[in-house]
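The values are calculated or read from the model by the stated rules, or taken from the named source; none is laboratory data. Here the structure is a predicted model, which means the values were calculated and not measured. As a convention, Cβ positions derive from the backbone with ideal geometry for all residues, glycine included, and neighbour counts pool all protein chains shown.
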Amino acid sequence: MIIAMSIFGSVGFFSVQTGIPALELVFVRCICATMFLSLAWYVTGSYKSEQWKSKEVLQILFCGLFLVLNWVFLFKSFELTSITIGITIYHLAPVIVLIAGSIFFKEKLTMFALLSVVTCFVGTVLIVGVDASISWTELMSSGLLWAFLAAVCYAFMMMLGKGVQVMSSYTVTFLQTALGIVILLPFVNFTEFGAGIVLIFVGMVLAVRKPATEHSLPEKV
């Protein structure tokens with residue numbers, strides 16, 4: 001988990017270094033992850049013992065949709081605001097899970113959890129430095145909204161993924177990133193790919209992180 005989060009910490013740096021727009025960067029990430037994990041899935045022999053369940057496959061694909069949107073929004077926020085602010089807002093995802101869980105799943109929100117939620121939001125506002133007079137146009141162009149949308153999508157992905165128990169992390173990630181390729185392909189501007197080896201390296205680095213964190217998601221909201 002430490003290694004996985006250390007790799008995640010490099011996401012913003014390498015994404016900025018490529019100079020590639022968010023959508024194209026996520027597209028390459030999906031391609032590299034699909035190729036890398038397909039190879040790992042085959043080499044480890046996990047594919048032999050894989051159990052395919054149609055209900056879980058459908059659930060994984062829905063998670064994949066939110067995962068891809070989460071990536072696009074996060075990298076878009078990096079284009080418009082600092083990495084520190086973008087990641088700070090992005091880490092509101094667990095807080096959103098708590099709130100959504102209390103609303104949709106009727107899970108009891110304790111006083112301690114409620115105080116924690118308020119503290120997280122207040123702390124985020126102080127770090128980001130949001131002005132009450134900021135206009136909608138300024139908010140959109142600042143990247144704050146994109147980072148928040150990324151957090152929302154990640155939160156929904158965590159909640160939807162709660163019931164995935166049989167299929168391996170290799171299969172889960174393969175299906176999600178393959179779906180990402182299909183979804184993003186019609187919108188990709190291939191003239192943007194000029195970063196070459198750096199772009200490929202980013203995709204490989206980010207692909208390694210995904211299976212390591214797949215089973216570290218909370219089982220309960």
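Values computed for the structure shown
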| read-out | value |
| --- | --- |
| Unique match (being crowded, with 18+ Cβ neighbours inside 10 Å and touching a Pro at 6+ places or on another chain (Cβ under 7 Å)) among Tyr170, Tyr154 | Tyr170 |
| Among the residues listed as Glu79, Glu50, the single one being at pLDDT below 90 and either surrounded by 14 or more Cβ atoms within 10 Å (Cβ to Cβ) or aromatic (Phe, Trp, Tyr) (or both) | Glu79 |
| Inter-residue pairs, beta-carbon under 6 Å, first touching a residue at least 60 places away in the same chain (Cβ under 8 Å) and in region 176-189, second of a type in the set (D, E, K, R), 6+ apart | Val188/Glu24 |
| Residue check, Ile103 at pLDDT 85 or above and surrounded by fewer than 20 Cβ atoms within 10 Å (Cβ to Cβ) | no |
| Residues of region 106-128 classified as small (Gly, Ala, Ser) and over 24 Å from the mean Cα position of the chain (by Cα), total | 0 |
| Test result for Phe62, among the aromatic types (Phe, Trp, Tyr), in contact with a Leu (Cβ under 7 Å, 6 or more places away or on another chain) and under 16 Å from Val26 (Cα atoms) | no |
| Of residues in region 126-140 being under 11 Å from Ile85 (Cβ atoms) and out of contact with any helix residue (DSSP H, G or I) (no Cβ under 6 Å at 6 or more places or on another chain), the one modelled with the lowest pLDDT | Val130 |
| Flag if Gly143 is at pLDDT 75 or above, in contact with an Asp or Glu (Cβ under 8 Å, 6 or more places away or on another chain) and at positive phi | yes |
| Filter result (farther than 23 Å from Cys32 by Cα and assigned to a helix (DSSP H, G or I)) within region 53-73 | Ser54, Lys55, Glu56 |
| Matching residues in region 62-120 - criterion: being under 20 Å from Trp146 (Cβ atoms) and of a type in the set (S, T, N, Q) | Asn70, Ser77, Thr81, Ser82, Thr84, Thr88 |
